[in-house]
Amino acid sequence: MTVFLIIVVVALFGITLWQMSKIFKLSQGKRADGSQVANDEDNNLQGKLMLGFVIFLYVLTIYCFTQYHSFFLPESASAHGEDYDKLMLISMVLIMFVQIITQGLLHFFSYKYRGNKNNKALFYADNDKLEFIWTIIPVIVLAGLIIYGLFTWTDIMNIDEEDGDPLIIELYAYQFDWRARYAGEDNVLGKANVRFIEGVNTLGLDASDTYAMDDKITNELHLPVNRKVIFKMRSQDVLHSAYMPFFRAQMNVVPGMITEFSYTPTLTTEEMRTSEFMVEKVATINKIRREKSKALTAAGDEALENYEFDYYLLCNKICGTSHYNMQMKIIVESEEDYNAWLATQTQFKEQISAQASN
């Protein structure tokens, strides 16, 4: 009902503006020449408006970049993220450079060459030199970006399990949560299939596979800093997408198949929390939360807790009603802290034994 009333109000407001424009037009009286063709006065007005609009556009762009820089992501927390950010920066600089020049020329020419009865338009069919310039320059620039992007993408997606001592982790997605599965001391994930899901075996591990016996299933994702991690991703139901923005990582999680992505974390959770960017951002968020808490406490509700930064694994596909809340905490820590945490986690064979004894 509320939505319907809003639509009615907006529609009535639009009708009101339309009627007011008709009254305004009638109050101006008839044009001196009585025609519907734009005269020099109209052309001068439109030319000045075009010039004013491009100036407004530039001022708005500068304002947005200076005022909303805190909404950008901070430095990447993964090794490959530096190349990713560099490619993004180059693309944005080129886009802004071309946009500033073309918009400026478009609106300036609209003003300079506005209609005038004493001027006669110059027309020529073509200009091979100009066409060559505005064709070959974009071709060279785009070819450079595409080639650089392909090399960067190849480096990111070149997943080699024999390279060094990578950590193998499975990310398991289902409506509407995540689970992580760590390989045991053999660093090999056991076989799994959704058909095996039963009781404590929520990820469908194959109990007949010896490699699965020492696997550990967790609801938090702990990663050792400066060690390559290979993620093998599986979905139980619908299409999900594993999205880790601070690591510049995203990969679709597709039912019926295993997708892969890898990166090397370079900043621990504590290091990111103490970075200048994040300290400023957290302070801004907590200031907003304190202001909202005043209204909440006045109404007898609990105040909002202070926000503390954490990495999170999110779902970036609209996978259902609770998609917005499908997330898992990521903790990047030292190798020693990671090993100590992993040692406290329960192995799959222990879960099976406990279920059998019960």
Residue list for region 240-276, filter: in a strand (DSSP E or B), surrounded by 16 or more Cβ atoms within 10 Å (Cβ to Cβ), touching a residue at least 24 places away in the same chain (Cβ under 8 Å) and within 13 Å of the chain's Cα centre (by Cα): Ser241, Ala242, Tyr243, Met244, Ala249
Against the definition (closer than 30 Å to Ser208 by Cα, under 18 Å from the mean Cα position of the chain (by Cα), hydrophobic (A, V, I, L, M, F, W, C) and not in a helix (DSSP H, G or I)), how does Phe309 come out, yes or no? no
Reported set for region 181-199 where residues are among the small types (Gly, Ala, Ser) and surrounded by 15 or more Cβ atoms within 10 Å (Cβ to Cβ) is Ala183, Gly184, Gly190, Ala192
List pairs: first residue in region 130-147 and without any contact (Cβ under 8 Å) to a residue 60 or more places away in the chain and within 16 Å of Ile95 (Cα to Cα), second residue surrounded by 10 or more Cβ atoms within 10 Å (Cβ to Cβ) and hydroxyl-bearing (Ser, Thr, Tyr) anywhere in the structure, Cβ distance under 9 angstrom, at least six positions apart or on different chains. Leu145/Ser91
Which of the residues spanning region 67-112 are surrounded by 11 or more Cβ atoms within 10 Å (Cβ to Cβ) and aliphatic (A, V, I, L, M)? Leu73, Ala77, Ala79, Leu87, Met88, Ile90, Leu94, Met96, Val98, Ile100, Leu105, Leu106
Given the conditions (1) closer than 30 Å to Met278 by Cβ; (2) part of a loop (DSSP other than H, G, I, E, B); (3) among the small types (Gly, Ala, Ser), every one holds for Ala125 apart from (1)
What number of residues within region 277-306 are touching a residue at least 40 places away in the same chain (Cβ under 8 Å) and not charged (D, E, K, R)? 3
The condition from (1) assigned to a loop (DSSP other than H, G, I, E, B); (2) among the polar types (S, T, N, Q); (3) surrounded by 12 or more Cβ atoms within 10 Å (Cβ to Cβ) that Asn118 misses is numbered (3)
Just the residues that are buried (at least 21 other Cβ atoms within 10 Å of the Cβ) and closer than 16 Å to Tyr311 by Cβ, please, taken from region 225-239. Phe231
Yes/no for Gln351 being among the polar types (S, T, N, Q), out of contact with any helix residue (DSSP H, G or I) (no Cβ under 6 Å at 6 or more places or on another chain) and crowded, with 17+ Cβ neighbours inside 10 Å: yes
Name the single residue, out of those in region 180-199 being part of a strand (DSSP E or B) and charged (D, E, K, R), that is farthest from Met251 (Cα to Cα). Glu198
Of all residues in region 34-66 being at pLDDT below 85 and in a helix (DSSP H, G or I), which is surrounded by the most Cβ atoms within 10 Å (Cβ to Cβ)? Asn43
Residues in region 328-348 that are at pLDDT 90 or above and crowded, with 16+ Cβ neighbours inside 10 Å: how many? 6
Output yes when any residue across region 157-179 is hydroxyl-bearing (Ser, Thr, Tyr) and in a helix (DSSP H, G or I), and no when none is. no
Condition check for Glu82: of a type outside the set (Gly, Ala, Ser), touching a Ser or Thr at 6+ places or on another chain (Cβ under 9 Å) and part of a loop (DSSP other than H, G, I, E, B): no
Yes or no: Tyr124 of a type in the set (Ser, Thr, Tyr) and either in contact with a Ser or Thr (Cβ under 7 Å, 6 or more places away or on another chain) or surrounded by 14 or more Cβ atoms within 10 Å (Cβ to Cβ) (or both)? no
Given Leu304, Leu314, which one is farther than 20 Å from Glu75 by Cβ and in contact with a Ser or Thr (Cβ under 9 Å, 6 or more places away or on another chain)? Leu304
Restrict the check to region 225-235 and report whether at least one residue is β-branched (Val, Ile, Thr) and in a loop (DSSP other than H, G, I, E, B). yes
Which listed residue is within 23 Å of Tyr338 (Cβ to Cβ), at pLDDT 85 or above, within 25 Å of the chain's Cα centre (by Cα) and of a type in the set (Phe, Trp, Tyr), from Tyr148, Tyr172: Tyr172
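The values are calculated or read from the model by the stated rules, or taken from the named source; none is laboratory data. Computed from a prediction, not measured in an experiment: that's the story for all the values here. Heads up, the Cβs are rebuilt from the backbone with ideal geometry, glycines too, and the neighbour counts pull from every protein chain shown.
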